[in-house]
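Read the structure below first, then the notes.
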Amino acid sequence: MALAACGSTGSTDDETVVEGVDLSGVEISVGSKNFTEQLVLGQLTIEVLQAAGATVQDRTGLPSTAVARKALTAGATDIYWEYTGTGWVVLLGHRKPIADPQQQFDAVAKEDLRKNDIKWLAPPAPANNTFALAIRGEVSDQDSEEYDEELAGVETLSDLAGLVQQSPEKATICVAPEFASRRDGLPGLEQAYGFKVPRGSVVTLAEEGLLYAAVDTGDACNFGEVFRTDARIGELDLRLIEDDKDFFPVYNPTLTMRSEFSTEQPEIEEMFAPIAAQLDDRTLRELNAAVDVDGRPVHDVVREFLEDEGFLSPQQLNK
């Protein structure tokens, strides 16, 4: 899959995002979590900072939200992309998300700065990489050998709650370790919809990347946790289950930094503002697909995007 032009709002060749910025002598450690979208965002950050002259340490691929956040607050990393809903519910401990994306960003940015000296850089990306549950499409196809009338009838998470009551043996769910324990994951989902999946029906896989194939084959589980911006949903013909009670928060990707470092390097927010504004659902889905579906290296996908959108010139990318 070639990356499509996204109606570039990036800079012209003469006015890339690093023009006039000199981070020579600045040492920056970049973190990320360990799934594809985070690796893409982490590598994107590294490329831009290096083009601006910074000396960058790559600490991407950290195993969980807790580890990525701890690395930031402890000073082991200086910058990484976090999600607004994750910040509000998981990191700050609120039970109810804020439905409006801008209000959610404003609230999490204000509170995290006040309580933890963590700066959320504006603007947040418009993409909403929220959680969802999915099932393989074949169970809804009456011409398929896998057609199952009960599973085909599960169109909403409220329907899933009914399935748990009526046929718990079919309500098998594959999840990653974080989703199994997070407040905005399975425990909160069960509470919001009033059901409890039998523990023997919850299959915990080592990482998010394994979930899509598991749902597609249906061998280990009928349902599975997915990210809405993941291109494998369409590639594997997975069907999303509607969150009819709007349980899952808005998850807009946003660069986060320790406030002290942000104050010392204010040009970083200015550099990344136009890039963040470009990262809508379609763009992130295409970037993720180039890695997960086409099998291209993250490094190559990111560099192509930055050059094609005019954020960096070929000369700047090859510094």
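The values are calculated or read from the model by the stated rules, or taken from the named source; none is laboratory data. All values derive from a computational prediction rather than experimental measurement. All Cβ positions, glycine included, derive from the backbone under ideal geometry; neighbour counts span all protein chains shown.
Details
- Unique residue being crowded, with 22+ Cβ neighbours inside 10 Å, at pLDDT 95 or above and closer than 24 Å to residue 185 by Cα when the list is 284, 312: 284
- Residue match in segment 32-41 (condition: in contact with a Phe, Trp or Tyr (Cβ under 6 Å, 6 or more places away or on another chain) and small (Gly, Ala, Ser)): yes
- Matching residues in segment 302-317 - criterion: being touching a residue at least 12 places away in the same chain (Cβ under 8 Å), of a type in the set (D, E, K, R) and either under 16 Å from residue 35 (Cβ atoms) or not in a loop (DSSP other than H, G, I, E, B) (or both): 303, 304, 308
- If you check 48, 67 for being surrounded by fewer than 21 Cβ atoms within 10 Å (Cβ to Cβ), at pLDDT 95 or above and not acidic (Asp, Glu), only one passes: 67.
- Taking the listed residues 241, 233, the one that is in a strand (DSSP E or B) and surrounded by 16 or more Cβ atoms within 10 Å (Cβ to Cβ) is 241, with no other qualifying.
- Residue match in segment 101-112 (condition: in a strand (DSSP E or B) and either at pLDDT below 95 or not acidic (Asp, Glu) (or both)): no
Residues checked against (1) of a type in the set (Lys, Arg); (2) closer than 19 Å to residue 298 by Cβ; (3) assigned to a loop (DSSP other than H, G, I, E, B):
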position: 53; (1), (2), (3): no, no, yes
position: 62; (1), (2), (3): no, yes, yes
position: 69; (1), (2), (3): yes, no, no
position: 75; (1), (2), (3): no, no, yes
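- Counted as qualifying within segment 258-301 are the helices (runs of 4 or more DSSP H) with 3 or more residues that are closer than 18 Å to residue 49 by Cβ and either of a type in the set (Asp, Glu) or not assigned by TED's automatic domain parsing to the domain that holds residue 69 (or both), namely 267-278.
- Residue within segment 99-119 that is without any contact (Cβ under 8 Å) to a residue 12 or more places away in the chain, surrounded by 15 or more Cβ atoms within 10 Å (Cβ to Cβ) and closer than 15 Å to residue 249 by Cα present: yes
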